[in-house]
Amino acid sequence: MRERAVAARYAEGVFAAAQAPGEVEALRREIGELVRLASATPALGSLLERPDLDAEQKMAALQAALGGQVTQTVMGLLNTLVRHRRGNQLEVVAEAFDRLADEAAGVVHAAVRVAVPLTGEQRARLTAALGRLTGGTVTLEERIDPGVLAGASVQVRDRLIDGTAAGRLEQLRQALMRTEGRAR
């Protein structure tokens, strides 16, 4: 958890550096491409993580490898990560930056668990309802979970909306227990 909090601070620093319109999306693409490159190129990925090299050696190698391919902002991010021995957190920083960029653009991510895939109409209605609830543009990730049996469970930010059959039965059980407790 601490790693995510630290990564969020680095992402916030890069996000704050984005000034011009469209720069946030350009940085998002560039950081994402760098993460893909580090993942696809074992030498680059291991360079970021190697504890036996000092920051100057790592930065010299990164500068030679990436040279004019990345912006000063992204090179500054790499420099900061390397100097603080957090090169292995590039992917986590990228995820945190994505969340900040989505938040700034009014994009809200929601995950829905259902037993069977939603129809196009169900998906559209759910997306519209969640958009009204959150005030943002909702992207919906659908997860098929046979354990749901009926209904749906939706996670939006830190809120869980449990509309599953099991969830409704549990709510009914809790209500009955409260009523029974008052009747005594």
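The values are calculated or read from the model by the stated rules, or taken from the named source; none is laboratory data. Everything numeric here is computed off the predicted structure, so don't read it as measured data. Neighbour counts run over all protein chains shown; Cβ positions are idealised from the backbone, glycine included.
Annotations for the structure displayed:
- In the set (1) under 30 Å from Leu34 (Cβ atoms); (2) at pLDDT 80 or above; (3) not assigned by TED's automatic domain parsing to the domain that holds Gly32, Ala128 fails one condition alone, (1).
- Count of region 1-38 residues, restricted to those that are assigned to a helix (DSSP H, G or I) and either of a type in the set (A, V, I, L, M, F, W, C) or in contact with a Cys (Cβ under 6 Å, 6 or more places away or on another chain) (or both), is 17.
- Of all residues in region 147-176 being among the basic types (Lys, Arg) and farther than 27 Å from Arg99 by Cβ, the one that is modelled with the lowest pLDDT: Arg168
- Residue count for region 124-144, restricted to those that are farther than 19 Å from Asp102 by Cα, in contact (Cβ under 8 Å) with a residue 12 or more places away in the chain and loosely packed, with under 15 Cβ neighbours inside 10 Å: 2
- Filter result for Thr179 (at pLDDT below 80, surrounded by 14 or more Cβ atoms within 10 Å (Cβ to Cβ) and more than 30 Å from Ala8 (Cα to Cα)): no
- One residue from Arg168, Arg178 being assigned to a helix (DSSP H, G or I), in contact (Cβ under 8 Å) with a residue 12 or more places away in the chain and farther than 30 Å from Ala60 by Cβ: Arg168
- Complete set of residues in region 1-44 that are farther than 25 Å from Ala64 by Cβ and without any contact (Cβ under 8 Å) to a residue 60 or more places away in the chain: Met1, Arg2, Ala5, Arg9, Ala16, Ala18, Gln19, Ala20, Pro21, Gly22, Glu23
- Region 55-82 - residue that is touching a helix residue (DSSP H, G or I) at 6+ places or on another chain (Cβ under 8 Å), of a type outside the set (A, V, I, L, M) and part of a helix (DSSP H, G or I) and, of those, nearest to Ala26 (Cα to Cα): Thr73
- Matching residues in region 145-160 - criterion: being in a strand (DSSP E or B) and either surrounded by fewer than 13 Cβ atoms within 10 Å (Cβ to Cβ) or over 18 Å from the mean Cα position of the chain (by Cα) (or both): Gly151, Ala152, Ser153, Arg159, Leu160
- Filter result (under 13 Å from Gly87 (Cα atoms) and surrounded by 15 or more Cβ atoms within 10 Å (Cβ to Cβ)) within region 34-49: Leu34, Val35, Ala38, Leu44, Gly45, Leu47, Leu48, Glu49
- Selection of region 15-29 for residues being of a type outside the set (Phe, Trp, Tyr), under 11 Å from Ala101 (Cα atoms) and surrounded by 12 or more Cβ atoms within 10 Å (Cβ to Cβ) yields Ala18, Glu23, Val24, Glu25, Ala26, Leu27, Arg28.
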